[in-house]
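Colleague: Right, I'll just put the structure down here and ask away after.
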Amino acid sequence: MQETSIHSSPPYLEHRFATQFGETVQFDHPLAASGMGARVSGIDLCSPLRSAQVDLLLDTLSHARLLTIAGQDLERFSLTAFERFANHWGAPVAHPSNFLRGGKPAQQDSESDGVVKFLPYADRRVAVADTVLPGQVTCLPHESPAVLVATNLLGQDDRKEFRLKDGGTWHTDIEYEPLPIYVSMFLAHHVPVARDTPNGQWVKPPVDAGPAPYFPGSDDELMTLRKRLPLNGETAFADTAAAFAALPLEEQAKLEAVQVRRRLNAEDEGWLAPLVRMDPRSDVKSLHSPLWASRPGVRPPVEVDGMTPAESRDFLEGLEKYVLQREFRYDHVHTPGDVTIWNNYMSLHTSPPIKIGIKHPDDARLLYRLSCKGAPSLVLPRDDDPAWVTKHIPGGYRSPESIVGAAS
């Protein structure tokens, strides 16, 4: 194993937090054995940030790969303020669940250049979340197509009987477009309480139902790693920066030469993208989405340039098995009011098994997610070139002046 400094943040970061945000700010890093994760308490995101404060937060994420800014007051911190904050990290992207592309749900196989139609909140499937536990759990008000509601508060058809829904597949967010997502972030609103299972956790370990939702044919060790998910509503992460740093230098050099072909749809020609990326702030290198099939049945599998489809699968599944090892794994516990940001170029993540058909607010899991593309911006509003927005942001979405203010 190669000795690296990836397990610790630069010593000056904690001093900078005290300088920029005050002596009462608490800084904790790392949160995982791999060196992933930092948690900062004592920062109020309801107020606009100064450019030097934004710069510090960007530097912290570039080293830690995941950053939680804890304890936002949900009586004051609106989704408008959340989206304003997200604009510092990149241009917020409308989530595919919130729009149609070419007349079809954008999350499924669809035209690469189809006309985008944003759905009002009332027409989105998640709008029924407000009817599940009325008067007890309600979504924060919003209309923005950039806000994804991640919840187990589903509609009447899903509430006929209690059941356990399997967790998701390991992935990075929207890596299948020519310009991938840079960061994603959650605002936690409600989290489940471990209260009624014999193992003292929120859910029992799911019964093995075979390879689903993955394609069949992967070896048993990889399938075991994929399905070893947290049981209390946490989000599971894999630290691909630490995984890359732990490789011998000769192996790192080989991987840095690898290009992968990604496609939005199976019939697309696709484009080549690097497997290894370097963070421009920290110079930390990482494996960007080293997965063969992160969305089975939704997006086509990846091909490695110069390899056959079968060779590509063998190669990438070997990397996936490596990065999902316990030493690179971090299960992040959500706390209401926490804003948790992660770098998609330096990590993988997946959702946990969840209870469906719940009858009690202690079983509610409700988070809001925003994802951003492009370069960070120390000041708002952003100054993105209109041609860039048209090319890379579905539907040309931009946060309105009511969120980010007017250009000076």
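Colleague: Once all Cα-Cα distances of the range 274-404 are split into 5 Å bins that start at 0, what whole-number percent is in each one?
Modeller: Taking every Cα pair in the range 274-404, the percentages come to 2, 7, 12, 15, 16, 17, 15, 11, 5, 1, 0.
Colleague: So if I take the centroid of the Cα atoms in the range 313-356 and the same for the range 182-247, what is the distance between those two points in Å?
Modeller: Between the Cα centres of the range 313-356 and the range 182-247 lies a distance of 7 Å.
Colleague: Between the alpha-carbon centers of the range 1-53 and the range 75-139, tell me the distance in whole angstrom.
Modeller: Taking the Cα centre of each part, the range 1-53 and the range 75-139 sit 30 Å apart.
Colleague: Can you list the HN-Hα couplings for the range 258-268, worked out from phi with the Karplus curve (6.51, -1.76, 1.60; θ = phi - 60°), rounded to whole Hz and with x for Gly and Pro?
Modeller: Values per residue, Gly and Pro as x: 7, 10, 10, 9, 10, 9, 6, 10, 4, 7, 5 Hz.
Colleague: Once you place label points 7 Å from the Cα toward the Cβ at residue 385 and residue 166, how far apart are they in nm?
Modeller: About 4.4 nm, to one decimal.
Colleague: For the range 40-133, with the dipole built from +1 on Lys and Arg beta-carbon atoms and -1 on Asp and Glu ones, taken about the Cα centre, which of 68, 82, 122 lies farthest toward the positive end?
Modeller: Of the listed residues, the answer is 122.
Colleague: Can you tell me the dipole magnitude for the chain around its Cα centre, using point charges on the Cβ only (Lys, Arg +1; Asp, Glu -1), in Debye to the nearest 20? Walk me through the intermediate numbers first.
Modeller: Details: 41 positive and 53 negative charges, 169 e Å.
It comes to approximately 820 debye.
Colleague: Given 10 Å bins starting at zero, what is the percent of C-alpha pairs of the range 1-108 in each, up to the one with the largest pair distance?
Modeller: For the range 1-108, the pair-distance distribution reads 12, 37, 29, 16, 6, 0.
Colleague: If the only charges are +1 at each Lys and Arg Cβ and -1 at each Asp and Glu Cβ, what is the size of the charge dipole of the range 162-250 around the Cα centre, to the nearest 20 debye?
Modeller: Details: 7 positive and 12 negative charges, 111 e Å.
With Lys and Arg at +1 and Asp and Glu at -1, about 540 debye.
Colleague: In addition: Based on the Cβ-Cβ distance from residue 295 to residue 179, what FRET efficiency comes out when R0 is 30 Å, to the nearest 0.05? All intermediate terms of the calculation are to be shown ahead of the outcome.
Modeller: Working: r = 18 Å, r/R0 = 0.60.
According to the calculation, E is roughly 0.95.
Colleague: Please state the relative contact order of the chain as a whole percent: Cα pairs under 8 Å, 6+ residues apart?
Modeller: 29
Colleague: Another question, then. What is the order of 328, 244, 77, fewest Cβ neighbours within 10 Å to most?
Modeller: Taking fewest neighbouring Cβ atoms as first place, the list is 77, 328, 244.
Colleague: If you don't mind, there's one more thing I want to ask. Using only DSSP helix segments of four residues or longer, with each worth -39500 (n - 2.57), what per-residue ellipticity at 222 nm results for the chain after dividing by its residue count and rounding to 500?
Modeller: -5500 deg cm²/dmol
Colleague: Would you work out which of 241, 138, 395 lies farthest towards the positive end of the dipole of the range 12-395? Charges go on Cβ: Lys and Arg +1, Asp and Glu -1.
Modeller: Looking along the dipole axis, the top candidate is 138.
Colleague: If you take the beta carbon distance between residue 76 and residue 201 as r and set R0 to 22 Å, what does 1/(1 + (r/R0)^6) give as a FRET efficiency, to the nearest 0.05?
Modeller: Between residue 76 and residue 201 the formula returns 0.10.
Colleague: Also: Which ³J(HN,Hα) values in Hz, rounded to whole numbers, follow from the phi angles of the range 166-182 under the Karplus curve 6.51 cos²θ - 1.76 cosθ + 1.60, where θ = phi - 60° and Gly and Pro get x?
Modeller: 4, x, x, 9, 5, 6, 10, 6, 6, 7, 8, 10, x, 10, x, 5, 7
Colleague: So what's the Cα pair-distance distribution over the range 12-395, bin width 10 Å, in %?
Modeller: Reading the bins upward from 0: 5, 22, 34, 28, 10, 1.
Colleague: Same structure, new question: Out of all DSSP beta bridges with both ends in the range 12-395, state the antiparallel percent to the nearest 5.
Modeller: Taking every DSSP beta bridge with both residues in the range 12-395, the antiparallel ones total about 95 percent.
Colleague: Students often forget the sequence filter, so: which lysines lie under 18 Å Cα-Cα from residue 227 once same-chain residues fewer than 8 apart are removed?
Modeller: Partners within reach: 165, 204, 321, 355.
Colleague: Oh, and also: When the chain is fully extended, how far beyond the present Cα-Cα distance does residue 41 get from residue 335, taking 0.36 nm per residue of separation?
Modeller: 104.6 nm
Colleague: Can I ask one more? How far apart, in nanometres, would the label points at residue 406 and residue 7 be if each is projected 7 angstrom from Cα along the Cα-to-Cβ direction?
Modeller: 5.4
Colleague: Over the Cα atoms, compute the radius of gyration (one decimal) and Dmax (the largest Cα-Cα distance, rounded to a whole number) for the range 299-345, in Å.
Modeller: Considering the range 299-345 through its Cα atoms, Rg and Dmax are 15.8, 47 Å.
Colleague: May I pose another question? With a 10 Å radius around each residue's Cβ, average the other Cβ atoms per peptide and rank 316-322, 219-225, highest first.
Modeller: My ranking of the peptides, most packed first, is 316-322, 219-225.
Since every read-out is calculated from the coordinates, none of them should be taken as a lab result. All values reported here derive from a predicted model rather than from experimental measurement. Cβ atoms come from the backbone with ideal geometry, glycine included; neighbour counts cover every protein chain shown.
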